[in-house]
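Single-structure report; data block below.
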Amino acid sequence: MDAALRGILFAALGYGIISCADAAVKYALPQVGVAGVMMWRGAVGGLAILAMAGGRSIWPKNIRLVATRSCVHAVVAIIWYFCWARGVGLADSYAVAALAPIFMTLIAIPMLGERVGWRRGLACVVGFSGALVMLQPGGALWRWEAPLLILAVVGMALSRSWTRLLARTDNAATISFWLMLAHLPLGLVMLPFFPPPVSLLPMDPPALLALLGFGCANAVAHMLFARAFALAPVGAIAPLEYSVLPFGVLLGWLIFAEIPGVTTIYGAAIIIAAGFYSMHRERVRARERRHGIAA
């Protein structure tokens, strides 16, 4: 199988897993708070990656970029958890995250020297128009937390692009472990601002299981992402950010009784269609490469 297509499959699996992890952490947030969730993610996720590494070295070669990426991603996580704690729905937050492929594709051009054809570029523009439908005044996402989420999406796009860059020097376990570890000190720093609600302690067993599953799922997903970005260009993987939208709608409805607004549904339909077309173009390019035809 073409390396880019294998990377796409790894990323697709990772996005499915991370959607379940997000639902688990949103469920546990009322009991442990934003800072508590950060520390759980860092501790459980870090230990899980060490177990999966199987004794391989996790010391980074590109220390500066590993540290920068890990800290940026941890700050992004704080914003996501804060917004969920404020009542932003899972599907609604994923709708804002649909902007990530546009930022990722644009960042990859100067940072990674990747080429994006006009068809995939047009697909990103169409996807952006779908996001605008979601963010229109009067819609479900017309709230003050939306700009915070957009800022987090920019950071997420940077993190994804840096993953591709780091894959040239460091293995998946290294990239993922230090990302998880960065959540511990930032969680401690945030503890005075986001203390756990003492009235809800001790934690009930379902929330404890959710946090354990959340940490392990994050470890597996980020290992898959690191491997995926080593195999496929950012422009090929970016549209898979759209795939979490159906998961967000389903999990939000089943677990939290959240029903996305009409504008979110219409915008999501546009974004998903654009994403499917972009993936189709990557398959065409892969077939052309196998047959020695210039893309």
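Each value in this text was obtained by applying a stated rule to the coordinates, not by laboratory testing. Remember, it's a predicted structure, so these values are computed and weren't measured experimentally. All Cβ positions, glycine included, derive from the backbone under ideal geometry; neighbour counts span all protein chains shown.
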Study note, to complete from the structure: Phi angles of the range 63-77, converted by Karplus (6.51 cos²θ - 1.76 cosθ + 1.60, θ = phi - 60°) into ³J(HN,Hα) in whole Hz with x for Gly and Pro, give 4, 4, 6, 4, 5, 4, 4, 4, 5, 4, 5, 5, 5, 4, 4
Point to revise | Exposure proxy order (Cβ contacts within 10 Å, fewest to most) of 29, 90 | key: 29, 90
Check your understanding: Going by how many other Cβ atoms sit within 10 Å of their own, how do 44, 96 line up, fewest first?
Key -> 44, 96
Check your understanding: Which three extents, in whole angstrom, do the alpha-carbon atoms of the chain cover along their principal axes, largest first?
Key -> 64, 51, 28
Check your understanding: Check residue 98: other-chain or 5+ apart residues with amide H under 5 Å from its amide H, H built from backbone geometry?
Key -> none
Check your understanding: Say the dipole of the chain comes from +1 at the beta carbon of Lys and Arg and -1 at that of Asp and Glu; which of 248, 84, 106 then lies farthest toward its positive end?
Key -> 106
Point to revise | Max mean-square fluctuation residue, GNM over the chain, Cα-Cα springs under 10 Å, options 143, 281, 41 | key: 143
Review point. Given the range 116-247, what whole percent of its Cα pairs are spread farther than 19 Å?
Key: 66 percent
Check your understanding: Across the range 148-161, in residue order, what do the Karplus-derived ³J(HN,Hα) couplings come to in whole Hz, using 6.51 cos²θ - 1.76 cosθ + 1.60 with θ = phi - 60° and x for Gly and Pro?
Key -> 4, 5, 4, 4, 5, 5, 4, x, 5, 5, 4, 4, 4, 5
Practice item. Please build a GNM for the chain, connecting alpha carbons under 10 Å apart, and tell me which residue among 226, 131, 51 fluctuates the most. Key: 51
Study note, to complete from the structure: Here the FRET efficiency for residue 6 versus residue 277, based on Cβ atoms and R0 = 25 Å and rounded to 0.05, is 0.75
Point to revise | Cβ-based exposure ranking for 241, 258, in which fewest neighbours within 10 Å come first | key: 258, 241
Exercise for review: Determine, from the Cβ-Cβ distance of residue 255 and residue 288 and an R0 of 41 Å, the FRET efficiency 1/(1 + (r/R0)^6), rounded to the nearest 0.05.
Suggested key: 0.45
Revision key, fill the gap. Note, residue 158: beta-carbon cut-off 13 Å, +1 each Lys/Arg, -1 each Asp/Glu, net +3
**Study point:** Among 166, 149, 191, residue whose mean-square fluctuation peaks in a GNM of the chain (springs only between Cα atoms under 10 Å)
**Key:** 191
**Study point:** Student exercise, the range 3-290 dipole from Lys, Arg, Asp, Glu Cβ charges, in Debye to nearest 20
**Key:** 1180 debye
Review point. Tell me, what are the semi-axes, in whole angstrom and largest first, of the equivalent ellipsoid of the range 64-172 as set by the roots of 5 times the Cα gyration tensor eigenvalues?
Key: 26, 20, 8
Review point. How large is ³J(HN,Hα), in whole Hz, for each residue of the range 19-36 in order, when computed from phi with the Karplus curve 6.51 cos²θ - 1.76 cosθ + 1.60 and θ = phi - 60°, using x for Gly and Pro?
Key: 5, 5, 5, 5, 5, 5, 6, 5, 5, 8, 3, x, 9, 10, x, 4, 5, x
